[in-house]
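Trainee: What follows is a structure written as structure tokens; I'll ask about it next.
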Amino acid sequence: MFRILLLIFVLLPTFSIAADIEKNVKDAFMESLRSRGIENVDIEVEVLEKIKELKGYYAAKLIIHDENKKKDISQYIITNGYKLIPDLIDIKSSSSLIKKLTLLHESTNIDTSKLSLLYGDKNAKNIIVEVGDFQCPYCKKAYNYIHDKIKGKGNISVYQLHKPLKMHKKAELYAKILEAGLAFNVNFADELYNGNFRNYDDNETIDYFASKTTNPGQFKEKVYSEEIQNLINYQTDYAKKLGINATPIIYLNGKKVRGFNEELINNAIELFE
């Protein structure tokens, strides 16, 4: 009984501080909105954890409910209840505490049913979705880094979600070549990111990859097929619905990493089961 009472005594101040911070932050934000004439907006505040590096400061999550726009927006902050710090950056590593908090506490459900399975089994427990463009240099870095990190690990599936950028003139063709290859049980992902064919024109590029299949003629037809075009269009539209307008974006069990960020990729992979 004494141990239980001691535990309650130790925890009560923490709960009290968290509740005070949540109330103070909410009150301050709501007053700011009212002073600007903004109505039909409510804010939830949840204290997540104490910041070891800053005495008296905590990481908190804001959920802004906008009734007018019928949407919720999440935002992470560092606060002591009276002052707000936008982020805490480690000078040596350039790591962002806010980015790490967002990774750990946010998750996106990705429908993989019409995405392109590159590696692993579709029933794998851990799912990586790479939103990429084969002409994007940082997509290439992210792709190679991830595949080095998961090499030899089981129970992981890797999907491609095509997002060919308009600035990259051959990106859509490369996406079609990947899909045509997969239709012939050949995965060209490694070579599309790392191969030495960049100076070829479109016909030479298709011939180059067609020669690596068992039926070059059918492969070429497949590249230009309506089926492949519809698949690329679907994935591009799906990326847009996810709010993606740049590459790379990587989802690791729903944890979203923007750009090529080794630290966040590592953090997300560490959470794999």
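The values are calculated or read from the model by the stated rules, or taken from the named source; none is laboratory data. Since the structure is predicted, the reported quantities are computational estimates derived from the model, not experimental observations. With ideal geometry, Cβ positions are generated from the backbone for all residues, glycine too; neighbour counts draw on all protein chains shown.
Trainee: Here are N261, N245: which of them is touching a residue at least 24 places away in the same chain (Cβ under 8 Å), closer than 19 Å to C136 by Cβ and over 9 Å from the mean Cα position of the chain (by Cα)?
Mentor: N261
Trainee: Here's something else I'd like to know. Taking L84, is it modelled with pLDDT under 95, of a type outside the set (D, E) and closer than 14 Å to R258 by Cα?
Mentor: no
Trainee: Still on this structure: Return the pair list, or none, for Cβ contacts closer than 6 Å from residues in region 206-232 that are modelled with pLDDT of 95 or more to residues that are in a helix (DSSP H, G or I) and among the aromatic types (F, W, Y), at least 6 apart or on different chains.
Mentor: A210/F219; T213/F219
Trainee: Something else: If G152 meets every condition in (1) surrounded by fewer than 16 Cβ atoms within 10 Å (Cβ to Cβ); (2) under 25 Å from V223 (Cα atoms); (3) more than 15 Å from the chain's Cα centre (by Cα) apart from one, which number is that one?
Mentor: (2)
Trainee: Hey, another quick one. Test S74 against the criterion of being part of a strand (DSSP E or B) and modelled with pLDDT under 95, and give yes or no.
Mentor: yes
Trainee: Same structure again: Would you pick out the residues in region 26-42 that are part of a helix (DSSP H, G or I) and small (G, A, S)?
Mentor: Answer for region 26-42, where residues must be part of a helix (DSSP H, G or I) and small (G, A, S): A28, S32, S35.
Trainee: Tally the residues that are in contact with a helix residue (DSSP H, G or I) (Cβ under 6 Å, 6 or more places away or on another chain) and either free of Cβ contacts under 8 Å to residues at least 12 places away in the same chain or loosely packed, with under 14 Cβ neighbours inside 10 Å (or both), restricting the search to region 35-70.
Mentor: Summing the residues that are in contact with a helix residue (DSSP H, G or I) (Cβ under 6 Å, 6 or more places away or on another chain) and either free of Cβ contacts under 8 Å to residues at least 12 places away in the same chain or loosely packed, with under 14 Cβ neighbours inside 10 Å (or both) in region 35-70 gives 0.
Trainee: State yes or no: is D90 of a type in the set (D, E, K, R) and either assigned by TED's automatic domain parsing to the domain that holds G243 or farther than 22 Å from E270 by Cα (or both)?
Mentor: no
Trainee: Here's something else I'd like to know. Can you pull out every residue in region 126-149 that is more than 26 Å from M167 (Cα to Cα) and either exposed (fewer than 13 other Cβ atoms within 10 Å of the Cβ) or not assigned by TED's automatic domain parsing to the domain that holds K169 (or both)?
Mentor: Answer for region 126-149, where residues must be more than 26 Å from M167 (Cα to Cα) and either exposed (fewer than 13 other Cβ atoms within 10 Å of the Cβ) or not assigned by TED's automatic domain parsing to the domain that holds K169 (or both): just D148.
Trainee: Counting just the residues of region 89-125 that are more than 21 Å from F184 (Cα to Cα) and basic (K, R), which one comes out surrounded by the most Cβ atoms within 10 Å (Cβ to Cβ)?
Mentor: If we take residues in region 89-125 being more than 21 Å from F184 (Cα to Cα) and basic (K, R), then K99 is surrounded by the most Cβ atoms within 10 Å (Cβ to Cβ).
Trainee: On the given criteria, is H168 touching a helix residue (DSSP H, G or I) at 6+ places or on another chain (Cβ under 6 Å) and either over 30 Å from K125 (Cα atoms) or surrounded by 21 or more Cβ atoms within 10 Å (Cβ to Cβ) (or both)?
Mentor: So H168 does not fit the description; no.
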